[in-house]
Each structure stands twice: as C-alpha cells, then as structure tokens.
Amino acid sequence: MDKQKFQLNSNTRNILFAMIGFGLLSLAYGMFGGPGAKRVAASLLLNNIYFIHIGLVGLFFVTVHAIAESGWQTSIQRVGEAMSAFIPVGSVLLLLLFVLGGMPLLFEWTHTEHLDALLLKKVAYLNVPFFYVRFFIITGAWVILWYFVRKTSLQMDTGDLKYFHRMRTLSAIFVVFLALSTVVASWDWLMSIDAHWFSTLYGWYVFSSMLAAGIALYIILLFLLKQMGYMQHVNVEHIHDLGKYLFGFSIFWAYLWISQYLLIWYANIPEETVYFYVRQKYFPNLFYVNLILNFVIPFLALMTRNSKRTFAVLVPVSVIVFIGHWVDLYQMITPGVVGGEEAGIGLLEIGLTIGYLGLFFLVTFFSLSKAPLVPEKHPFHKESLEYHTNY
Amino acid sequence: MYVSPIREPLIRGGKTYSQVTKDIMAPMAGKPSIYWYIGITISGIAALFGAWASYMTVYHGIGTWGLNKTIGWAWDITNFVWWVGIGHAGTFISAILLLFRQKWRTSINRSAEAMTLIAIACAGFFPTIHMGRLLLGFFILPYPNTRELWVNFNSPLLWDVFALTTYFLVSLVFWYVGLIPDIGTVRDKAKNKIRKAIYGFLSFGWTGSARHWSRHETVSLILAGLAAPLVLSVHTIVSFDFATSVIPGWHTTIFPPYFVSGAVFSGFAMVLTLLIVTRKALNLEDYITINHIESMNKIIILTGSIVGIAYLTEFFVAWYSGVEYEQYAFMNRAFGPYAWAYWIMMTCNVITPQLFWFKKIRTSVVATFIISIFVNIGMWFERFVIVVTSLHRDYLPSSWAMYKPTFVEVGLYIGTFGLFFTLFLLFIRVFPVIAIAEVKSVLKSSGDNKNDTHHE
Amino acid sequence: MSKYITAYYSDEVDLLKGVKLIRSKGLEIADVLTPFPVHGLDSVMGMKRSRLSVVAFAGGAIGAISGFAFQTWVFTSAYPINFGGKPLFSVPSFIPVTFELTVLFAAFAMVIAFFITNKIGPGAKTVIHDERITDDRFLVVVKMDETKSDNALSILKEAGAQGITLKGE
C-alpha cells in the first residue's frame, strides 16, 4: 500500500528533536567549555553552508531535470523539493552567525586596523558592507526562486500544461543563477577565510562537493522514506540512476580536486602552495581521509552495475560520502579560522552536525507533508513508473 | 518503454525499418552529386596548399614561420587545441549522451564520431610538424634506446602524447565497433561482387546474432563509460600544457574544466555546421530533425555559458589575487595590441550562444548555421588570445615582442581544413552517416507513428 | 551434419512473443538474428550477463599498475633527473599517463575479447542465414535432427513465424 501523503509520526519527531537538543548542548559546550569561540564559529559556518548546499542540490535536481525534459525522476522529485525547504532556514541561521559576532572570528579581513598590503588591495571587495549586499542578493534570490519553483510544482498537480512550461522557464533561471551564485558565495564565505590565497577553480570545486553530498543525502532520505512505508513505487531503476549520479559526481569531484592540487603543486608558487602546505602539515590525516572517503571508496564500491541497484551498498556509501564532504568542508574552513594548533574534531563538531542533521530532516519532513508525495498529473509521471535503465 | 505523448518524435515520415535502411544507404549508392565533386575539389586544393606548406616547414625549417624567442607558440598550438576541442563533441555525443540515455543521439553519433577521428588527425598534425626535425619525431615515444634516455613523464607535453594516442585509438575502436552492424547491412545490400567482398571483410562476419548484439551493447556501454572520463582527461591534459606553467594568463586552476567545456562548445558548433549541410544534401531531414538541432543548441548554451562564467571568474580573480602580472595580462588582452582578437573572441563566445535562449532562434536552421560558424571563429580566437597574448608580454618587458603569422603557417591551417573536408566527404560515400541499427532500435518508441511498446 | 530450420518475423514485438512460446514448448533455439538489439530478448532467451566488464576491469587494472610502476622505475631508477625541483617519486605527475593507460588497456582488452568470444573479426567465416536480417527481418534459428522436424515446424507455425525453411549443411 503506497501512502500518498507523508505524515511525521511522533517517534520520528522525538528522535529529531533529541538530535537538535544534542546539537544545542554541543554548541553550549563549545562556547563555554573547552573548544572556544573560534571552533564554534568554524563549526557553525561549516554546518550552515553544508546543509544550505544540500538544500540547493535538492532544488537543482528538480530544476536541471526539468530543463533537460527528463522523465525518470518525476516520481521521486518531491524529495528534492522537500530538501530545498532548508534553504530559507539555513540562510537565516547563516545570517545570524555573521551578525552575532561570527564575522571577526571567521574572516581576518574584517579586522580593518590590521590589514597588510595585500589585503588592502582587496578592500574594494572584501569589506563588510559589500559582503552583506552580496549575501542578501544571493540568499534572497535563492529563497525567492525556491518559493516560485515549489509553487509551480504544486500547481502542476492540477495537470494544466501551462505550469509545465512555466516550470521550465523558472528552472532555467534558477540553474543559471545557481551557477553564478554558488561561485560567488564560495569566494565570500569560504575562500576569503584564507584571504591571501586564491584559486579560479575554487567555486566549481565547491559546487562539485555539494553535488555529491546532496545526492548522498537524497539517497539516504529515499531509503528512510521507503523504510517508513512510503514511496513503494520507487524501484531498482530509480535507485540505479541515483547511484550513477553518486558515482559520477564523486569522480567529478576527484577530477576537480586533482586539477586544483596538481596545478598548484606543479607550478610551486609559494603564495599558492601555502594553502596545501598548511593542510598537509597540520591536518595530514584528514588530507588523505578526504580522498579516500570521497573518491576511493565510492569509485571502487559503486563500479559494478549491481552495486548501484541496491540500498544495501548505496546507503553505506552515501553515508561515507556525506561524512567525506563534511571532512572536505572542514579542511577548507578550519585551517584558516582556527589554525593547526587549536583545531580538533570533538563533541562540538560532531554534536553540532548531529543537531543540524536533525533540523534538516525536520524541515524536510515538514515540507514533504505539505504536498502529495508524487506529482501524479505530471506529463512524465507515467514514464517515471514504467522505465528500465536498460543497462 | 513508455514514452510520454508530449515528447516530439525523433524520426519523422512514418518510416518502416526497411525505409530506414534505404534512406540512410541512399547517399552511398550511384554517382555522387556535382556538389560533392565541387566540394572535394576545393578541399583537395586546400590539402595541397597544406602539403606545400609542410614541405616548406620540413625542408626550410621553422624559420619559415612567424615565431620568435618571445612567442614560441602561436598558430601551431592554437590550431592544435582548436582541432582537438572540435573532436570532443563526437565522443560527447557517443559516450556521454549514451550514458544519459538521450535517444536523440542515434541519428547524429555516427557522423559526429567520424568527425572526431578526422579532427584528431588534423590536431595531431600540428605538434608533429612543429617539432621541426620530424625525422627524430619518434623521440617522444618511450622505448629503450642506446642513448639510455627515457621521456620526461613529468612533462604535460608528454602527457599529451599519451592522451591523444589513447583518445584516437579508443575513439577509433568505439566508432568502428558501432559501425560493424551497419557495415553488415551495406554488405547484405550490395549487388556488386567486389563491393560485397570488401564490405564483407570489413563487417568482420557480423551475423546479427542476439548473443552478439547483447555483447555489443555491453561493449558499447563500457566503452562509453571509459570514453567519458577519457574525453574529459584529454582536454584537461591539453590545458595542463598551459596551466602547469607560471605564465600569467596561463597558470590558473580553472583551466581543466574550462577547456573541456570550451571543447564541447566548439565541437557541437562544428557538428551543427556539418550536419546542417549534410542533412539537406543527403535528404536526411526526417532523421536529423529540428528537434536534434534544438537539443544540440541547448548544449551550446550550456557549454557557452560555462565558458562565459570562466571568463568572468578569471577576470575577477586576477584582480582579487592582487598579482600585478596577472592583472596586466588581462588588461593587455582587452586593450593591448591584440585587443581586436580579444573582442572578436568575446563577441563570438559570450554573446552569440546566448541568442539560443530564444526558441525562435534555436529552432531556426539558418540562424543555427550562422551562429555555429561564429562560435568556431570565437573559439579559435580564444586559443589564440590565450597562447599569444600571454607569451608576447609576460614578466620581463625587455622581452616583449609581436607575432604575425606567415603564409606557410596559414597554409598549414588551410591544409588541415582540406584534410578534414576531404576525409568527411569520403566518409559519407563509403559508410552510412547515420547509425542505421541504432535508429531502428528507437523507431518504435520515438518515431512519429509511436505505438505503446510493451515487452515482456 | 547439422540442420537448421529458420523462420522470421517482421516485428520485434511479435518476435518476443514468438520466442517465448517456442521456448515454453521446449524447442531449443540455436540463435535469434535481428537487425538491431531487441530489448527484453536477453531475458526471454535466457542469456547470461556478459563477463566482458570483468575483462575491461582486469585490462584497466593492468594498465594502471604497469603505467604507474613503469613511470616510477624510469624516474627513480633508470633515468633520474631533477626536473624543476620535483621529487623523483612525483606521484601527482604520474597520474595523467597512468589514467590514459588504464583506459587504453581496458578498452582494447575488452574489444579484443569481444571479437574472440563472438568469433568475429577480419576474415571471419560466418553463416549469413538471410540477407534481410540486417534490414528488417528478425530470424529464429532452430537446430534439429530429422526425427523432430515435424514437431518443430508446427511449433514455429503456432508461434506466428513466417517463411519457415529447412536448411541443410
């Protein structure tokens, strides 16, 4: 029996609240216990960005398939829509982080009295007012586009084809804007942490990381929903395609990782190599763990056809990739904010992420409960139910 | 497999399987048209021009070119990268669109792959001839020798050797394995004894056995899975030729994916240029429909936009980095002595593909043809701007110089056009330009007399 | 001396139905010949999944290992030269060539195996049962001996096949 609408049962809700509570406790521990303000700021930045990105990927999944006129994902796309509900939530939390004292802890360029010659050159871009202008334009547009895409998707439940065409137009706008905005956002929120350093590939590298993490969480969500008795029409074919994405995006991430690393290593210019030098010196294990979790494991584990057709392989690999891209973000943020000596991964870091995960699931499930799980009047709906990957 | 009724058909004209065979094999039968003869005469003359230029280069030396100490690479490498880039579309269509289950690729992949092979040959011509002492060209291969030397595996130029060789061989294999069943069709339809014997040999004894087909599908799929990262790696390694250096405008981490996008961008433009003429000349408009052209144009918007974003990123980060040499490199590109090349590049690459957002333009054959040519012009200038402007004024002003191509260099480039079009014109006479078997396999589901197919 | 009965269909949907029926009646099908790969035919005929992917993986692994090992040997032992201050065992530099050789070996190993296992290749002598197979005919080939021929003919007729012919060799 396929349940048509999602309902958050009290057990699940309690677990999620517990997770959020644990996150809050870890935050308190972080602020008043051992770790200290810098680690707290770094950790909050990591989690906000990580989960906003995952939400954005949910929306990207829906919109990019809309403009590609793809049909197979129709019966699972409401999950992506639901993930995207975190975008406004995460944006507000990120704003709070910046406004309530995060900026001076995270970004050395905010300390305007101490700017050296190089940072002075960048002042036209790296200044607090302009930073906020960009922040509001980016997150504002994300929220507005999210709202309209979601609205149009729900309107498609009437079966009127004019919404199908509107969805395509909105999707094109969102996809183009996402490409530009994630690049600029990565410069502002991540790359400027190491303000003396730069890399033209950075924005795309961050984008590839969020793609892999987003698909990983998509798979995990689908699995959980099936376990709860929903989405019974989801079959091996859908899972196979999601598995292909996880495999492909992981390889794509590794490709961008090696591009960035090899070029900086090869030219050996000190102002560029300092980035990797600091990471390999103070965080050597994480440096290799990053590669193993995000590339070696998904590459080897998902190579065969059958591995991608079963949750038994896909879910553990998704969890590993989810942790892996967390590690990736950690070592993008922490060396610059906290430094090698004081950094660590303890109760604060892990607990806070558990809290955010709980919040993310809560928001996602809430959004899922607001609409039918499957857009049955979608013109590609039948294609999505009766398809085979063929290979 | 169910196909939603709102989708446009991929094959028009209510064809049956035997009509598909007949239509696609028609260009190979009888005498070629007068236009074919005119075409191959022109391309033949161009090729001869290239032969003369090659003789000049090999016999008289690289001094017949416009290179100097400051600008050691110019038209040679620009042309090399341009041709390799064009080749990427064929593999993209064959491999990546196969992995994405895009059925519309079936009527364009055969000619696109052929184009790839020819383009790679044209590309490979340039690094070969720019060596100067061609007789010693085999030095680039790692073989045990009496000089006890090995090649420098640390060098991107050597990585190029491996990348291009692998790319050519794998593309050849992918193209040919796909072609075998269609050669079987040509063999079986041949009436002439010699023709039957030749195609019989080339068909490797293909019988149409279901077991063979099953393995054929597996091989195609795995080759696609191998060719997809391969095509990314080839242009990435080509970009490493520049990005591993310390030259401003060359050393930048975005080059690998930016070059790959640019390659697909220019490649699709060339496929469109070729196929718009081919479909008209060979009466294949029922197979290469407006739908196909529109889909290719969408890929052009996508890849063209990625290239545009890369330009903006490079520009911004050049400023952001605070590195004065990098900043100067970009100012010089836009306002220095080669500014005319830069602005041609910007107009052709950034502005023209954006026109395809308008449905009227992307469904117009004429507009597409014109834009496809502009895209290729723009992408040639992009490589020229990257190579020459970064070299002609880098760190040391006393070394700054200018470059102008000579007649010989122009001749080599025109020669490759001659080679390209001659081989393509021969291809359309010798092999079916559309993958007959693949089109038949989607006829039921995506042709315009669609029935709801139901297997099992 | 082998004998065949061949019969054809003009449509792949009929072919699939026919083959299912023929197999259910216990008649052994030697081969089915089609102008293009028919989806669903694999499972209806009971074909096992090809192991060419294993060959590809093995080829790729050999390419990767030998490529990496060879470069390491050249750079650290046979011809060690300091290129731009890079270490002799410069792993990042070795990756491009290793990757290319992986792909090259995987592709060629698999394609060669493809030709060998199908017994096709330059100069191969194969039987072309019907010249319209590569056009628009879907042929079923049944191997049999004289004693069972009537039974086979009736089953094929029941399965809707046309042009039932007896062929000797």
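From the list B:Phe204, B:Phe153, B:Phe174, pick out the single residue that is part of a loop (DSSP other than H, G, I, E, B), closer than 21 Å to B:Ile24 by Cβ and either of a type in the set (A, V, I, L, M, F, W, C) or open to solvent by less than 50 Å² (accessible area, probe 1.4 Å) (or both).
Values: B:Phe153 fails: closer than 21 Å to B:Ile24 by Cβ; B:Phe174 fails: part of a loop (DSSP other than H, G, I, E, B).
So the residue among B:Phe204, B:Phe153, B:Phe174 that is part of a loop (DSSP other than H, G, I, E, B), closer than 21 Å to B:Ile24 by Cβ and either of a type in the set (A, V, I, L, M, F, W, C) or open to solvent by less than 50 Å² (accessible area, probe 1.4 Å) (or both) is B:Phe204.
With respect to (1) outside any loop (DSSP other than H, G, I, E, B); (2) buried (at least 18 other Cβ atoms within 10 Å of the Cβ), the lone exception for C:Thr165 is condition (2). Does any residue of region C:138-161 turn out to be modelled with pLDDT of 85 or more and open to solvent by 70 Å² or more (accessible area, probe 1.4 Å)? No, region C:138-161 contains no residue that is modelled with pLDDT of 85 or more and open to solvent by 70 Å² or more (accessible area, probe 1.4 Å). Sub-8 Å Cβ pairs linking a first residue in region B:34-54 that is touching a residue at least 60 places away in the same chain (Cβ under 8 Å) to a second residue that is surrounded by 18 or more Cβ atoms within 10 Å (Cβ to Cβ) and among the charged types (D, E, K, R), at least 6 apart or interchain, are B:Ala53/B:Glu409, ordered by first then second residue. Residues that are open to solvent by less than 10 Å² (accessible area, probe 1.4 Å), in a helix (DSSP H, G or I) and within 21 Å of B:Arg101 (Cα to Cα) within region A:220-238 comprise just one, A:His238. Annotation note: of B:Thr146, B:Thr166, the sole residue that is of a type in the set (Val, Ile, Thr), in a loop (DSSP other than H, G, I, E, B) and either farther than 22 Å from B:Thr218 by Cβ or facing chain C (nearest Cβ under 9 Å) (or both) is B:Thr146. Of the helices (runs of 4 or more DSSP H) lying entirely inside region B:6-91, the ones with 1 or more residues being open to solvent by less than 50 Å² (accessible area, probe 1.4 Å) and in contact with a strand residue (DSSP E or B) (Cβ under 8 Å, 6 or more places away or on another chain) are found at B:17-25. Residue-level check: of (1) modelled with pLDDT under 95; (2) surrounded by fewer than 17 Cβ atoms within 10 Å (Cβ to Cβ), A:Phe17 misses just (1). Of all positions in region C:59-75, none carries a residue that is within 29 Å of C:Val140 (Cβ to Cβ) and open to solvent by 50 Å² or more (accessible area, probe 1.4 Å).
Sort out which residues of region A:47-60 are open to solvent by less than 10 Å² (accessible area, probe 1.4 Å) and out of contact with any Asp or Glu (no Cβ under 8 Å at 6 or more places or on another chain), and write them in order of number.
If we filter region A:47-60 for residues that are open to solvent by less than 10 Å² (accessible area, probe 1.4 Å), which is where we start, we get A:47-52, A:54-59.
If the condition is that a residue be open to solvent by less than 10 Å² (accessible area, probe 1.4 Å) and out of contact with any Asp or Glu (no Cβ under 8 Å at 6 or more places or on another chain), then A:Asn47, A:Asn48, A:Ile49, A:Tyr50, A:Phe51, A:Ile52, A:Ile54, A:Gly55, A:Leu56, A:Val57 are the ones that fit.
For region C:25-36, give me each residue that is under 19 Å from C:Val13 (Cβ atoms) and either open to solvent by 20 Å² or more (accessible area, probe 1.4 Å) or among the basic types (Lys, Arg) (or both). Reasoning before the result, please.
So the first thing to find is which residues in region C:25-36 are under 19 Å from C:Val13 (Cβ atoms), and the list is C:29, C:32-36.
Answer for region C:25-36, where residues must be under 19 Å from C:Val13 (Cβ atoms) and either open to solvent by 20 Å² or more (accessible area, probe 1.4 Å) or among the basic types (Lys, Arg) (or both): just C:Ile29.
When you scan region B:413-430, do you find a residue that is open to solvent by less than 40 Å² (accessible area, probe 1.4 Å) and either charged (D, E, K, R) or within 14 Å of another protein chain (Cβ to nearest Cβ) (or both), even just one?
Step one: filter region B:413-430 for residues open to solvent by less than 40 Å² (accessible area, probe 1.4 Å), giving B:413, B:415-416, B:418, B:420, B:422, B:424-425, B:427-428.
Okay, now just the ones that are also either charged (D, E, K, R) or within 14 Å of another protein chain (Cβ to nearest Cβ) (or both), so none.
So far as region B:413-430 goes, no, none of its residues is open to solvent by less than 40 Å² (accessible area, probe 1.4 Å) and either charged (D, E, K, R) or within 14 Å of another protein chain (Cβ to nearest Cβ) (or both).
Among the numbered conditions (1) surrounded by fewer than 22 Cβ atoms within 10 Å (Cβ to Cβ); (2) in a helix (DSSP H, G or I); (3) facing another protein chain (nearest Cβ under 7 Å); (4) not hydroxyl-bearing (Ser, Thr, Tyr), the only one that C:Pro122 does not meet is (2).
For region B:272-291, a residue qualifies if it is under 29 Å from B:Lys31 (Cα atoms), of a type outside the set (A, V, I, L, M, F, W, C) and either within 14 Å of another protein chain (Cβ to nearest Cβ) or part of a helix (DSSP H, G or I) (or both), and the qualifying residues are B:Thr273, B:Thr278, B:Arg279, B:Lys280.
So, B:Ile183, is that one over 25 Å from the mean Cα position of the chain (by Cα) and more than 8 Å from chain C (Cβ to nearest Cβ) or not?
Working: over 25 Å from the mean Cα position of the chain (by Cα): no; more than 8 Å from chain C (Cβ to nearest Cβ): yes.
Answer is no for this residue.
Whether a residue is more than 24 Å from A:Leu368 (Cα to Cα) and within 12 Å of chain B (Cβ to nearest Cβ) was assessed, and A:Leu286 does not pass this test.
Reported count of residues in region B:1-19, each being within 13 Å of chain C (Cβ to nearest Cβ) and touching a Pro at 6+ places or on another chain (Cβ under 9 Å), is 1. Every listed requirement among (1) at pLDDT 95 or above; (2) open to solvent by 10 Å² or more (accessible area, probe 1.4 Å) is met by A:Phe164 save one, (1).
Close Cβ contacts (under 6 Å, 6 or more residues apart or on different chains) running from residues in region C:82-98 that are in the same structural domain as C:Ala64 (by TED's automatic domain parsing) and of a type in the set (Ser, Thr, Tyr) to residues that are surrounded by 15 or more Cβ atoms within 10 Å (Cβ to Cβ) and in a helix (DSSP H, G or I) comprise C:Thr98/C:Ala64; C:Thr98/C:Gly67; C:Thr98/C:Phe68. For region C:62-70, the condition holds for no residue, the condition being that it is outside any helix (DSSP H, G or I), touching a helix residue (DSSP H, G or I) at 6+ places or on another chain (Cβ under 6 Å) and in contact (Cβ under 8 Å) with a residue 24 or more places away in the chain. Of all residues in region B:438-455, none satisfies being modelled with pLDDT of 95 or more and more than 14 Å from chain C (Cβ to nearest Cβ).
Working only within region A:265-275, note down all residues that are out of contact with any His (no Cβ under 8 Å at 6 or more places or on another chain) and either polar (S, T, N, Q) or facing another protein chain (nearest Cβ under 7 Å) (or both). The answer is A:Trp265, A:Tyr266, A:Asn268, A:Thr273. Across region A:112-134, the number of residues qualifying as open to solvent by less than 60 Å² (accessible area, probe 1.4 Å) and away from chain B (no Cβ under 14 Å) comes to 2. Does region A:366-388 include one or more residues that are closer than 22 Å to A:Phe252 by Cα, surrounded by fewer than 21 Cβ atoms within 10 Å (Cβ to Cβ) and touching a His at 6+ places or on another chain (Cβ under 8 Å)? Taking every residue of region A:366-388 in turn, none turns out to be closer than 22 Å to A:Phe252 by Cα, surrounded by fewer than 21 Cβ atoms within 10 Å (Cβ to Cβ) and touching a His at 6+ places or on another chain (Cβ under 8 Å).
Does C:Lys48 count as touching a residue at least 60 places away in the same chain (Cβ under 8 Å), open to solvent by 60 Å² or more (accessible area, probe 1.4 Å), more than 7 Å from chain B (Cβ to nearest Cβ) and closer than 21 Å to B:Trp213 by Cβ?
In short, no.
Of all the criteria given as (1) open to solvent by less than 40 Å² (accessible area, probe 1.4 Å); (2) modelled with pLDDT of 95 or more, the one not satisfied by B:Ala121 is (1).
Report yes if some residue within region C:82-89 is farther than 30 Å from C:Ala7 by Cα and within 7 Å of chain B (Cβ to nearest Cβ); otherwise report no. There is at least one residue in region C:82-89 that is farther than 30 Å from C:Ala7 by Cα and within 7 Å of chain B (Cβ to nearest Cβ). Within this structure, B:Leu179 fails the test of being surrounded by fewer than 16 Cβ atoms within 10 Å (Cβ to Cβ) and part of a helix (DSSP H, G or I).
The values are calculated or read from the model by the stated rules, or taken from the named source; none is laboratory data. Since this is a predicted model, take the numbers as computed values, not measurements. Cβ coordinates were reconstructed from backbone atoms using ideal geometry, including for glycine residues, and neighbour counts include every protein chain displayed. To get the accessible areas, we keep the full protein, side chains included, count just its heavy atoms, and leave off ligands, DNA and RNA. Shrake-Rupley method; radii C 1.70, N 1.55, O 1.52, S 1.80 Å.
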